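In what follows, a structure is listed as structure tokens, so that the remarks can point back to it.
Every number here is computed from the coordinates shown, using simple stated rules; none is lab data. Keep in mind it's a predicted model, so treat the numbers as computed, not measured. Backbone-built Cβ (ideal geometry, glycine too); neighbour counts: all protein chains shown.
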């Protein structure tokens, strides 16, 4: 199993017309944990990837006199078919499922200061891995793209009160089917693994795009994060092949 944990900072741009018609810009903090392992499917040609991602941001309106605070957490589970194109270069294609939730909070709004976001969807996932050597060291460059195709997300009517929805119980018509007609989301993820003595450092860049337009509410969330962390590779204790350690294929390298 290959596991990486990274922390990053970067820019964040948020717009949610339930709260305000303006674009808010500022900074963001991101923590990401990724696990990838070979499965027993297809003669070990399939891998499973799990990503847990937490994103927190603080943004301001163009006049810089009002703040938005946003916090999101999401979990992604993907299965990829592994194809060795040429020595050192591998392509992984498959599907992934995503569950995400969070909120945007505007400190100025009185009656409706918060906009909640909950998404469940599935889509296409692509990973390319390039292993190369430089100065007798082995490096791994990865690009990953995640594109949701369809799902369901929380989408109340414009002006609907959260008090009425959750205290009174007026939860009718708060979900919407989503696809490209009302939502577009894309993640572009680039990492470089650098060996340093007995451990590996992972440098990363994550570009996240999220657009939705449903029930007269438009949401746009764009973030760019530069990250750094560490990577470890190990055989889970529950693996049936632990006694054949020398025959276990790496899920990443």
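Descriptive notes on the structure:
- From the alpha carbon centroid of region 17-92 to that of region 161-217 is 8 Å.
- Here semi-axes √(5λ) of the Cα gyration tensor in Å was calculated from the structure, and among (i) 38, 21, 15; (ii) 33, 22, 19; (iii) 41, 17, 16 it sits at label (i).
- Label zone at residue 136, where the point sits 7 Å out along the Cα-to-Cβ direction: region 177-204 residues whose backbone N lies under 14 Å: 197
- Ascending count of other beta-carbon atoms within 10 Å, so fewest first, for 234, 184: 234, 184
- Stretchable slack from residue 73 to residue 43, in nm (0.36 nm times residue separation minus alpha-carbon distance): 7.4 nm
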